[in-house]
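Below is one structure, written out as structure tokens, with a few remarks after it.
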Amino acid sequence: MADFLTIEPISGVLGAEIAGVDLAADMNDETIATIRAALVEHHVVFFRDQDLSPEAQMAFGRRFGELDTHPFVEGNARHPEVLDVITEPDDRANFGGGWHIDVTFLPEPDMASILYAIEVPDAGGDTLFADLHAAYDALSETMKGMLDGLTCTHSAGPQYGDGGYSTKSKAMTTRNQEASHASVVHPLIRRHPESGRPALYANPAFTTGIDGLRRDESRALLQFLYRHATHERFTCRFRWRPGSVAMWDNRSVMHHALFDYVGKRRVMRRITVKGDRPV
């Protein structure tokens, strides 16, 4: 490990703060490998006191893979890979997305998301993360056996279709609403391609049902899994400051941005790194 880095876990299950690194600098391969290993181990990593231009944030993200462009949200005018997420004081419909895994409606969902805080309220707006590996491990062997081999259908329609939750917020401009109703199928239990660990892979925002079950059966099982996965013993919480960065592994976690700061302004900038097909 690069000897100038320090990695300090922030909870008993997931999350670590990395200090001693400037994300805008030209980091060597060893440093990037150390950050990636910490991401795989802790599932979400945090950095404080960073000064990132859009170009620097994108350059950092590209060290981990190709950047993605969101199919249903307008990107930055100069950099379509960059999402400027700006909540104004008069926005009363920012749901924060609820608990979700980013873009599971894609055939190859994004591997990682990198969120940079530019302006934050003096209180509120924390982000919660839930460890989907730990949640799976805590299930009974009988439940694991029942879930093994099941698949789920995912769609962007409930969020980005006409009248969807994300279309009601002023924090982002949505597009391509007609195309959002397409669907993909992913395994309910996903194996991490780097660590090999199994994890639950369903989320309230984009998972529309478990294939092969009746609607009421699917709804009941998914609601149980969501309640189980977001139990406090599987979570950590991050309080933002200007210059803070969170990088999370979408193969390992769900996250939830709390909207408890009505009447205050919040300015964030997000990029994502492309991933692979869940197996």
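What to note about this one:
- Of all residues in segment 1-20, those that are over 21 Å from the mean Cα position of the chain (by Cα) and at pLDDT 95 or above total 3.
- Members of segment 52-72 found to be surrounded by fewer than 19 Cβ atoms within 10 Å (Cβ to Cβ) and within 18 Å of the chain's Cα centre (by Cα), listed by number: 58, 62, 64, 65, 66, 69, 71
- Residues in segment 74-88 that are part of a loop (DSSP other than H, G, I, E, B) and touching a residue at least 12 places away in the same chain (Cβ under 8 Å): 74, 76, 78, 79, 81, 82, 88.
- Filter result (in a loop (DSSP other than H, G, I, E, B), small (Gly, Ala, Ser), touching a residue at least 12 places away in the same chain (Cβ under 8 Å) and over 12 Å from residue 117 (Cα atoms)) within segment 25-54: none
- Segment 55-73, subset part of a loop (DSSP other than H, G, I, E, B) and without any contact (Cβ under 8 Å) to a residue 60 or more places away in the chain, residue farthest from residue 270 (Cα to Cα): 63
- Note on segment 209-229: residues that are surrounded by 19 or more Cβ atoms within 10 Å (Cβ to Cβ) and under 29 Å from residue 268 (Cβ atoms) amount to 4.
- Test: residue 130 is surrounded by fewer than 21 Cβ atoms within 10 Å (Cβ to Cβ), of a type in the set (Gly, Ala, Ser) and within 27 Å of residue 12 (Cβ to Cβ): no
- When we screen 102, 91, 29, 51 for residues that are of a type in the set (D, E, K, R) and under 24 Å from residue 278 (Cβ atoms), the only hit is 102.
- Test: residue in segment 211-220 that is polar (S, T, N, Q) and either in contact (Cβ under 8 Å) with a residue 24 or more places away in the chain or under 25 Å from residue 92 (Cα atoms) (or both): no
- Here segment 235-270 is the region considered, the condition is being aromatic (Phe, Trp, Tyr) and within 14 Å of the chain's Cα centre (by Cα), and the residue that is surrounded by the fewest Cβ atoms within 10 Å (Cβ to Cβ) is 238.
- Residue 108 surrounded by fewer than 18 Cβ atoms within 10 Å (Cβ to Cβ), in contact with an Asp or Glu (Cβ under 6 Å, 6 or more places away or on another chain) and either of a type in the set (Gly, Ala, Ser) or at pLDDT 95 or above (or both): yes
- Pick from segment 152-170, criterion in contact with a helix residue (DSSP H, G or I) (Cβ under 8 Å, 6 or more places away or on another chain) and in a loop (DSSP other than H, G, I, E, B), ranking: modelled with the lowest pLDDT: 164
- Matching residues, segment 176-207, being surrounded by fewer than 18 Cβ atoms within 10 Å (Cβ to Cβ), closer than 23 Å to residue 161 by Cα and hydroxyl-bearing (Ser, Thr, Tyr): 183
Yes or no, residue by residue, for (1) modelled with pLDDT of 95 or more; (2) part of a helix (DSSP H, G or I); (3) not acidic (Asp, Glu):
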| position | (1), (2), (3) |
| --- | --- |
| 121 | yes, no, yes |
| 172 | no, no, yes |
| 199 | yes, no, yes |
| 204 | yes, no, yes |
| 208 | yes, no, yes |
| 218 | yes, yes, yes |
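- Any hit, segment 40-49, residues being under 18 Å from the mean Cα position of the chain (by Cα), surrounded by 14 or more Cβ atoms within 10 Å (Cβ to Cβ), closer than 20 Å to residue 199 by Cβ and modelled with pLDDT under 95: no
- Among the residues listed as 83, 23, the single one being at pLDDT 95 or above, aliphatic (A, V, I, L, M), crowded, with 21+ Cβ neighbours inside 10 Å and within 13 Å of residue 247 (Cβ to Cβ): 23
The values are calculated or read from the model by the stated rules, or taken from the named source; none is laboratory data. Being a predicted model, the structure only gives us computed values, none of them experimental. Backbone-built Cβ (ideal geometry, glycine too); neighbour counts: all protein chains shown.
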